[in-house]
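What follows draws every value from the coordinates through simple rules; no lab data is involved. Because the structure is a prediction, the values reported are computed rather than measured. We place every Cβ from the backbone using ideal geometry, glycine too, and count neighbours over all the protein chains shown.
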Ligand code: GLU
């Protein structure tokens, strides 16, 4: 099995400079450590037709290359089914019938962190479950036997975060991100996960789940996001933020790549030429404030 890093975009729209910067960082982390680099399209949810092709084209335009065929999550249902079946067989899952509203309104367990599932359906009797099944399809939750879990992150150090009874399969049948990401990273031989630091809070759940499934836990590096001038996470409404928008105002892909490299305190140029200067320890720790440059 190879040793690999990856970029795993959701094909919900065009990539913006924040996504492109994360992709460049993931590529640099992987290649500078002698790993392959893989691309996985996380299309279980929110996929927009045509977005995958645009995203792949834009990644190529800034010089992010990948070493194997692109993997799509919608083609991997059997792997997710297997993992859920194994956990269920071990008594580690249960059906949940709660609506979003019921979860919000349920009294939370003492000391339970904000947003953690309060465990309502854990305690349903067989008979109650039968009744609820007739009115609403169930989601499948993990029966977690810890409340928090620690991970090691290359940029954040030791990070301890919440593990609740999180959803493995939604009640519309869609496999949840937290399950799919763990199964896929292991199945693809990915032992290095570099992604935006908005995902750091989900990481303890994923590392714990990997442990339950007997899968190796990858090494993590959660990198700072790109923000707008108000400090909010960059979004499409923040003006020219995609390669398409930027090209339209006279800023070609190579220039965008170089601006991203400059924001990382790295020299401009094609990515393979930048590898020698890349040192994770020297990366800026703060978010990058994006101001659309003049052409
Ligand atoms: N598909 C997720 C996203 O685009 C990223 C998941 C990950 O890198 O683990 O936000």
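Within region 214-235, identify whether any single residue is touching a residue at least 12 places away in the same chain (Cβ under 8 Å), buried (at least 19 other Cβ atoms within 10 Å of the Cβ) and farther than 25 Å from residue 280 by Cα, and answer yes or no.
no
Would a scan of region 92-99 turn up a residue that is within 30 Å of residue 290 (Cβ to Cβ) and crowded, with 17+ Cβ neighbours inside 10 Å?
Checking region 92-99: not a single residue is within 30 Å of residue 290 (Cβ to Cβ) and crowded, with 17+ Cβ neighbours inside 10 Å.
Of all helices (runs of 4 or more DSSP H) completely enclosed by region 77-179, which ones contain at least 2 residues that are closer than 20 Å to residue 207 by Cα and touching a helix residue (DSSP H, G or I) at 6+ places or on another chain (Cβ under 8 Å)?
By residue number, 77-89.
When region 1-50 is examined, which residues are found to be assigned to a helix (DSSP H, G or I) and away from the ligand (no atom under 11 Å from the Cβ)?
Within region 1-50, 17, 20, 21, 24, 25, 27, 28, 29, 30, 31, 32 qualify.
Considering (1) in a helix (DSSP H, G or I); (2) more than 11 Å from the ligand (Cβ to nearest atom); (3) within 21 Å of residue 67 (Cβ to Cβ), say which one residue 185 fails and leave the rest.
(2)
Taking the conditions exactly as written (surrounded by fewer than 22 Cβ atoms within 10 Å (Cβ to Cβ) and touching a residue at least 24 places away in the same chain (Cβ under 8 Å)), does residue 49 satisfy them or not?
no
Looking at region 230-238, can you tell me whether even one residue there is in contact with a strand residue (DSSP E or B) (Cβ under 7 Å, 6 or more places away or on another chain) and not in a loop (DSSP other than H, G, I, E, B)?
Taking every residue of region 230-238 in turn, at least one turns out to be in contact with a strand residue (DSSP E or B) (Cβ under 7 Å, 6 or more places away or on another chain) and not in a loop (DSSP other than H, G, I, E, B).
Step by step: first the residues of region 189-224, then only those that are assigned to a loop (DSSP other than H, G, I, E, B), touching a strand residue (DSSP E or B) at 6+ places or on another chain (Cβ under 8 Å) and away from the ligand (no atom under 12 Å from the Cβ), then the one that is farthest from residue 154 (Cα to Cα). Which residue is that?
189
Looking at 93, 74, 99, which is the one that is within 16 Å of the ligand (Cβ to nearest atom) and over 30 Å from residue 270 (Cα atoms)?
74
When you check residue 240 against the structure, is it without any contact (Cβ under 8 Å) to a residue 40 or more places away in the chain, more than 15 Å from the ligand (Cβ to nearest atom), under 21 Å from residue 21 (Cα atoms) and surrounded by 14 or more Cβ atoms within 10 Å (Cβ to Cβ), yes or no?
no
Regarding region 57-79, can at least one residue be identified that is loosely packed, with under 14 Cβ neighbours inside 10 Å and at positive phi?
No - not one qualifying residue is present in region 57-79.
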